[in-house]
Number of protein chains: 4
Amino acid sequence: MSTQKIRVSVVGGSGYGGGELVRLLLNHPNVELVQVTSESNAGKFVHSIHPNLRKRTDLKFVTISALQPVDLLYLALPHGSAVGRIDKFASLAPRIIDLSSDFRLHDPALYPQWYEHEHEAKEWLSKFVYGIPELHRDQLKEANYSAGAGCLATATILGLMPLFKHGLVDPSMVIVEGKIGSSAAGYKSSAGSHHPERSGSMRSFQPTMHRHTGEIEQELNFGVKPTVHFSATSVEAVRGILATCHVFLKEDLQEKDIWKVYRQEYNNEPFIRIVKTKEGIYRYPEPKVLSGSNFCDIGFERDTRSNRLVVMSAIDNLMKGTSGNAVQAMNVMYGWEETLALEFVGLHPV
Amino acid sequence: MSTQKIRVSVVGGSGYGGGELVRLLLNHPNVELVQVTSESNAGKFVHSIHPNLRKRTDLKFVTISALQPVDLLYLALPHGSAVGRIDKFASLAPRIIDLSSDFRLHDPALYPQWYEHEHEAKEWLSKFVYGIPELHRDQLKEANYSAGAGCLATATILGLMPLFKHGLVDPSMVIVEGKIGSSAAGYKSSAGSHHPERSGSMRSFQPTMHRHTGEIEQELNFGVKPTVHFSATSVEAVRGILATCHVFLKEDLQEKDIWKVYRQEYNNEPFIRIVKTKEGIYRYPEPKVLSGSNFCDIGFERDTRSNRLVVMSAIDNLMKGTSGNAVQAMNVMYGWEETLALEFVGLHPV
Amino acid sequence: MSTQKIRVSVVGGSGYGGGELVRLLLNHPNVELVQVTSESNAGKFVHSIHPNLRKRTDLKFVTISALQPVDLLYLALPHGSAVGRIDKFASLAPRIIDLSSDFRLHDPALYPQWYEHEHEAKEWLSKFVYGIPELHRDQLKEANYSAGAGCLATATILGLMPLFKHGLVDPSMVIVEGKIGSSAAGYKSSAGSHHPERSGSMRSFQPTMHRHTGEIEQELNFGVKPTVHFSATSVEAVRGILATCHVFLKEDLQEKDIWKVYRQEYNNEPFIRIVKTKEGIYRYPEPKVLSGSNFCDIGFERDTRSNRLVVMSAIDNLMKGTSGNAVQAMNVMYGWEETLALEFVGLHPV
Amino acid sequence: MSTQKIRVSVVGGSGYGGGELVRLLLNHPNVELVQVTSESNAGKFVHSIHPNLRKRTDLKFVTISALQPVDLLYLALPHGSAVGRIDKFASLAPRIIDLSSDFRLHDPALYPQWYEHEHEAKEWLSKFVYGIPELHRDQLKEANYSAGAGCLATATILGLMPLFKHGLVDPSMVIVEGKIGSSAAGYKSSAGSHHPERSGSMRSFQPTMHRHTGEIEQELNFGVKPTVHFSATSVEAVRGILATCHVFLKEDLQEKDIWKVYRQEYNNEPFIRIVKTKEGIYRYPEPKVLSGSNFCDIGFERDTRSNRLVVMSAIDNLMKGTSGNAVQAMNVMYGWEETLALEFVGLHPV
């Protein structure tokens, strides 16, 4: 463990991803949290927006224009807001971890397809490592820039990676149904997020063309570009994602064969748990017990009637899906214990 | 409207399906509700179990042994409980509507596959009409016996029927993700239904081998037996089902072509609504606004990247998914206005 | 029952109270719903805002300026929006039922106290009957104008009226804790109604000075002006109010004595139920089983340690608390069966 | 910080209080968690019951009969289960912290009143310190035995203590309305905890005679025995308590005077926060942002119409209300930093 703390600031701290970063960084033994920005809340206490931080920090929001140079800058801005100012941010810190979608896709041609506009800083795309440590740990160790993965993408990619890496499933037929809580839509209220309308809903907010599809196909490409059919449905929860993935085995593998592959890839991963038990209430991954934790729980079931394999993957969208993962990436980049500041295991019951 | 009421009793009235039947039948202009049975609650007021019926009825539960002959008997017993006594029940009433799975499948060979036991009264299977009026209205008009459809099956079948009937999709690749509330698991408490454990959950309770698959494949068989890959996930809700169905178009149809087919099949159906709007909060079917109503709302979206069509179908599992549908079936069997006692449109907000 | 329908319009139909009125009036045998206004949604289908009305009505919103004369006008505008235009509305209809707070208080001096402004049409105050039929049925029969009661006030007043009318409790010490769902705050989204913030909350939104206190004290004044200490707390629900009222008996009455008084006042009331059972889950009033119904359920428990009596009163805030009650008031005003269009008993489970 | 860890075991580890203790103790730098008992789950992994502990511990439940001597024993048994075996437990450990109600009341005469039976080990009552550190820190430092406070009692006592200690309010008229989530009723499922029945409820489960009243009156007795009128209502939540307390000021104090008293008592308390802001969503204490944290948030509002003061107090019932408080008590007993293992601040949003 390093004895000298690095200096870190968070740009965009009034949103949910930014607030979660602040919570985690305040508790990180190797980090000094220097500044947190919010244009609309500048001058107010950070805890005036994030009430869990009362009596924990007296930091006040500052504007971006007041940012000081630091060792690492977290960008937690809305999608599309970082790319135009990336040079400025890079001048303030040698290392940047961006939570937005601005630098996730390597191929610039994918931005018009998924985000309806040309990428404004194409030269930066190759500098950013896609920030899921379980896939790109070695690259992250050498990286100065990391792009945070999309929350639904993270659950899907981690759930399916071993199968694709080992070439066990048909890459042309992947159906993923992502169920997700309300916090993933951000901290700004809207007609659709109004509690009487959103409460108890099962809402097909993106049956096709979900933007995370692009990064899922990028990351599951182990030589063959997969076709992922993705649909996203909002359900009653604040935090949490459950990705239910339907894939088709090329060969008639048994569940024990599949176990073996998952164990091989994930047994040493501190934040991946294979959840598949014969009894009990929590026989498969379930996001509610992950709230606040950085775990990704993964389970699977072989359909005995066909070659279908159902893979279930659960995360807290604001932790392993956003900010927890970004802290893990920082830990990797600095060569620290990967679990630093991410020890919270989640609650039961909750 | 007939001037003489028929006499109807409900067997198994302490469960959720039975309670819903009682609520509906008490309000039916052509029905006299005669008896409601419950072995464990015999002698108690029906409203002691179903508090919404306070001041509405003073009926008390009786035992099955006290049943009197009636015109129509509803059976709302647990699965497997009706089949062994079907002759006895038939001796009490010329017409029977059974809500359980005991008489849904026409092929006796399917019972061992889906229910792990031989059917005990195979000779009865052909007498029961599968009770979804939108598919079997003409048969129901002539029928004395109707088998209530499974709740997840109903949502799926109604959502996909036009596509299969018109041969528009590949029957060999159908993936259905059913999301469902807690009332579908019945009125008996268990460790998994304990509120601290069930609340806020996204629980993969049946990733493969869901029993409703059998009836879905039976009903979507328009000459070609389909293969349906079904998974069921519990989400936070008491009532409600959203079936998200992924099918693949054989030809490159536009959404307007698909509209045409759905309109043709459903435009005159009083309980089917096509829900597909460009703006607003409720752009696609959503079960929460259906609670208490007998509607099945259906929507669809063509994936512009592939030949996938996503069909979304929403119902109240206790209404169109069970008891409302059974009242509709009775209305058809007696040649009454099909919407009798089913006029409630649901609440907004809720 | 009249054979000729009256013509009715709803002013302010995009809100929750207005939407509920539309739902009820569409189902009322003696009413023709003529127009529904919304300034911001004029030209759109009513069902584009209230999705439960799809396939039930093709009415479109109109502006207030397009209103035609009718027999009865419902005003469902935000508080303070009716008073300035009351003469105009009165010129359009001989009868008006206003859901807002604009005409609830008889004493003009109370408006500055509770609403921070002088009343703009004091001469109208005496024309409006406070619209709870259980208290003012005879007046309503003669009335042309009725002021809808506040939702929290309705639950409290109906819960406590028998005790005050019979002079059984100390009027100087009344503590009421109202728990309430999110729909009561209206249909406009805000930071506080944003689902991630509102979901699962227990929020003291008005510990003191709740405006409904004024009408509660007005209506419980049976010769002695009471002092009501009111606090309101938001809890997780969309619909529903539970008022828990703590009062102190002047004499050492037994529960059976109290039963007698409640029976005397409420036994013939179609929408009041005394709920107090020794066993079962629903031993006391609970709003969730009232959603969509017009019932007010009332229970009580004598504290054996002191002279405290706890009275619990539950309603659906949009039904008996607003629109259901307003339809009931109309039924009274026209001498119709009081339960017309209000037969729905609520769901179980829900 | 001590360098040698103490050895601790948990008796009754399959319940919610016991599970929370295990979670906290596994993370405590000065504690070695030795054994966790469960008679019904002996031999199973602790994480088979508490899924948040997967990959965190491989401990298995043992029976009580297998308990080894340790430095400190936590008793997390159902109420009434510890008292009969207290000598046996005391023979196993020099220090005991009991979470049940068995040793909370000092006066043996109160047990028949509140718990309907004579206390079976009266000689032990004086040995147990009532375990709220904010009230009894000095005693706890010298104590070997501590009795965990009731969860609703803790919220109420901490909310009101400064007012009673300083003699500011009328002790004869205290009304407390406790709102509470489902986890407080324990881990055993029942008809009332069945999700379809419990979900979304506002349930008056104890309008009078709540057992925690006894300890509240004991702890708020600063020379004058108070009379506390307590009512408890279940609302939709898994964790969380909000106690809304209505008290009456003896003199006409301003809010700033009251601030002063609360500051004096609580400013140095690491787990008490005064929450009272003029703007923002979280202007008053709200339990949802406290889930998993050991904070007690307290706010108040002076009624400008009367001498009423409304005090609001929020906790996580399983943390400050049970297990977090018990870990804090241990930290005090051993002279450690009081916040050890209790650093988690809660989530936002959640």
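The values are calculated or read from the model by the stated rules, or taken from the named source; none is laboratory data. Just so it is clear, the model here is predicted, and its values are computed rather than measured. Here Cβ is always computed from backbone atoms with ideal geometry, including for glycine, and neighbour counts include all displayed protein chains. Note: areas computed on protein heavy atoms with side chains; ligands, DNA, RNA excluded. Shrake-Rupley method; radii C 1.70, N 1.55, O 1.52, S 1.80 Å.
Numbers below:
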| read-out | value |
| --- | --- |
| Residues within the stretch A:286-316 that are polar (S, T, N, Q), more than 8 Å from every other protein chain (Cβ to nearest Cβ) and within 14 Å of the chain's Cα centre (by Cα), tallied | 2 |
| Candidates A:HIS117, A:HIS136, filtered to the one that is modelled with pLDDT of 95 or more and either open to solvent by 10 Å² or more (accessible area, probe 1.4 Å) or in contact with a Pro (Cβ under 9 Å, 6 or more places away or on another chain) (or both) | A:HIS136 |
| Verdict on A:SER182 being modelled with pLDDT of 95 or more and facing another protein chain (nearest Cβ under 9 Å) | yes |
| Close pairs (9 angstrom Cβ cut-off, 6 or more residues apart or separate chains): facing another protein chain (nearest Cβ under 8 Å) and at positive phi in the stretch B:267-279, outside any loop (DSSP other than H, G, I, E, B) and buried (at least 17 other Cβ atoms within 10 Å of the Cβ) anywhere | none |
| Criterion (of a type in the set (A, V, I, L, M, F, W, C) and more than 19 Å from B:PHE344 (Cβ to Cβ)) met by exactly one of C:VAL31, C:VAL46, C:VAL22, C:VAL36 | C:VAL36 |
| Pairs with Cβ under 7 Å, 6+ apart, first in the stretch C:190-210 and more than 7 Å from chain D (Cβ to nearest Cβ), second acidic (Asp, Glu) | C:SER199/C:GLU236 |
| Per-region count, the stretch B:317-350, residues within 11 Å of chain A (Cβ to nearest Cβ) and open to solvent by less than 20 Å² (accessible area, probe 1.4 Å) | 3 |
| Flag for B:LYS250 being more than 18 Å from B:ALA153 (Cα to Cα) and touching a residue at least 60 places away in the same chain (Cβ under 8 Å) | yes |
| Sole residue being under 30 Å from B:HIS194 (Cβ atoms) and among the hydroxyl-bearing types (Ser, Thr, Tyr), chosen from D:TYR266, D:TYR262, D:TYR282 | D:TYR282 |
| Residue pairs meeting the criteria (Cβ under 6 Å; at least 6 apart or on separate chains; first among the β-branched types (Val, Ile, Thr), in the stretch C:64-80; second open to solvent by 20 Å² or more (accessible area, probe 1.4 Å)) | C:VAL70/C:ARG7; C:VAL70/C:VAL34 |
| Of the criteria (1) open to solvent by less than 40 Å² (accessible area, probe 1.4 Å); (2) touching a residue at least 40 places away in the same chain (Cβ under 8 Å); (3) under 25 Å from the mean Cα position of the chain (by Cα); (4) within 11 Å of another protein chain (Cβ to nearest Cβ), which one C:TYR282 fails | (2) |
| Test: residue in the stretch D:109-122 that is aliphatic (A, V, I, L, M) and touching a strand residue (DSSP E or B) at 6+ places or on another chain (Cβ under 7 Å) | no |
| Qualifying residue in the stretch B:165-174 (condition: among the basic types (Lys, Arg), within 14 Å of another protein chain (Cβ to nearest Cβ) and in contact with a helix residue (DSSP H, G or I) (Cβ under 9 Å, 6 or more places away or on another chain)) | no |
| Among (1) touching a Pro at 6+ places or on another chain (Cβ under 9 Å); (2) of a type in the set (Asp, Glu); (3) free of Cβ contacts under 8 Å to residues at least 40 places away in the same chain - the single one D:ASP87 does not satisfy | (1) |
| Residue within the stretch B:142-149 that is within 14 Å of another protein chain (Cβ to nearest Cβ) and buried (at least 24 other Cβ atoms within 10 Å of the Cβ) present | no |
| Any hit, the stretch D:255-262, residues being surrounded by 20 or more Cβ atoms within 10 Å (Cβ to Cβ) and more than 9 Å from chain C (Cβ to nearest Cβ) | yes |
| Failed item in (1) more than 28 Å from B:THR277 (Cα to Cα); (2) more than 22 Å from the chain's Cα centre (by Cα), with C:ASP98 passing the rest | (2) |
| Answer residue from the stretch D:211-241, given it is in a strand (DSSP E or B) and facing chain C (nearest Cβ under 7 Å) and is nearest to A:LEU347 (Cα to Cα) among those | D:THR233 |
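Condition check ((1) more than 10 Å from every other protein chain (Cβ to nearest Cβ); (2) of a type in the set (Lys, Arg); (3) surrounded by 17 or more Cβ atoms within 10 Å (Cβ to Cβ)) across all residues:
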{"residue": "D:VAL36", "(1), (2), (3)": "yes, no, yes"}
{"residue": "D:SER48", "(1), (2), (3)": "no, no, yes"}
{"residue": "D:ARG54", "(1), (2), (3)": "no, yes, yes"}
{"residue": "D:ASP58", "(1), (2), (3)": "yes, no, no"}
{"residue": "D:ILE64", "(1), (2), (3)": "yes, no, yes"}
{"residue": "D:LEU72", "(1), (2), (3)": "yes, no, yes"}
